[in-house]
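Q: I have a structure I would like to understand better, so I am pasting it below and will then ask my questions one at a time.
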Amino acid sequence: AGNMDRTAYHAHFTYPTYEKLSRTPVPTLLATAEWDPNNSHTRAASEAAPKCEFQILDEDFYKWGESFLPFLERK
């Protein structure tokens, strides 16, 4: 990214994710796998927002798409 590294990292780490999610007017699914190092952050983000749901993804990547269907079908 050349001289954009600092700008990109700053934007990534200072973006007010929880605040923005808490104001979303649409149902949102946040999903992560058990092995994801950001698992706790994803869960916390979903808890900070009334319109968010949290889902643990199957260990089998091929099942991920289908696992979203119940959420999508009820919205």
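The values are calculated or read from the model by the stated rules, or taken from the named source; none is laboratory data. Since the model is a prediction, treat every value here as computed from it, not as a measurement. Cβ placement follows ideal geometry from the backbone for every residue including glycine, while neighbour counts extend to all protein chains displayed. Just the protein is used for accessible areas: all its heavy atoms, side chains included, with ligands, DNA and RNA removed. Shrake-Rupley method; radii C 1.70, N 1.55, O 1.52, S 1.80 Å.
Q: Does any residue of segment 11-30 turn out to be of a type in the set (A, V, I, L, M) and either in contact with an Asp or Glu (Cβ under 9 Å, 6 or more places away or on another chain) or in a strand (DSSP E or B) (or both)?
A: Initial filter on segment 11-30 (of a type in the set (A, V, I, L, M)): 11, 21, 26, 29-30.
In the following step, the residues that additionally are either in contact with an Asp or Glu (Cβ under 9 Å, 6 or more places away or on another chain) or in a strand (DSSP E or B) (or both) were identified as 29-30.
Taking every residue of segment 11-30 in turn, at least one turns out to be of a type in the set (A, V, I, L, M) and either in contact with an Asp or Glu (Cβ under 9 Å, 6 or more places away or on another chain) or in a strand (DSSP E or B) (or both).
Q: Hey, another quick one. Would you confirm, using the coordinates I've provided, whether residue 28 is open to solvent by less than 60 Å² (accessible area, probe 1.4 Å) and of a type in the set (S, T, N, Q)? Show your work before the answer.
A: Working: open to solvent by less than 60 Å² (accessible area, probe 1.4 Å): yes; of a type in the set (S, T, N, Q): yes.
Spelling it out, residue 28 is indeed open to solvent by less than 60 Å² (accessible area, probe 1.4 Å) and of a type in the set (S, T, N, Q).
Q: Show the residue pairs that are 6+ apart or on different chains and have beta-carbon atoms under 6 Å apart, the first residue being within segment 38-62 and within 20 Å of residue 27 (Cβ to Cβ), the second being among the hydroxyl-bearing types (Ser, Thr, Tyr) and in a strand (DSSP E or B).
A: 42/32; 51/28; 52/28
Q: Evaluate the following for residue 9: is it at pLDDT 90 or above and open to solvent by 50 Å² or more (accessible area, probe 1.4 Å)? So that I can check it myself, show each step before the final result.
A: Values: at pLDDT 90 or above: no; open to solvent by 50 Å² or more (accessible area, probe 1.4 Å): yes.
No; evaluated as a whole, the condition is false for this residue.
Q: Tell me which of these residue 65 doesn't satisfy, since it passes every other one: (1) open to solvent by 90 Å² or more (accessible area, probe 1.4 Å); (2) more than 11 Å from the chain's Cα centre (by Cα).
A: Unmet condition: (1).
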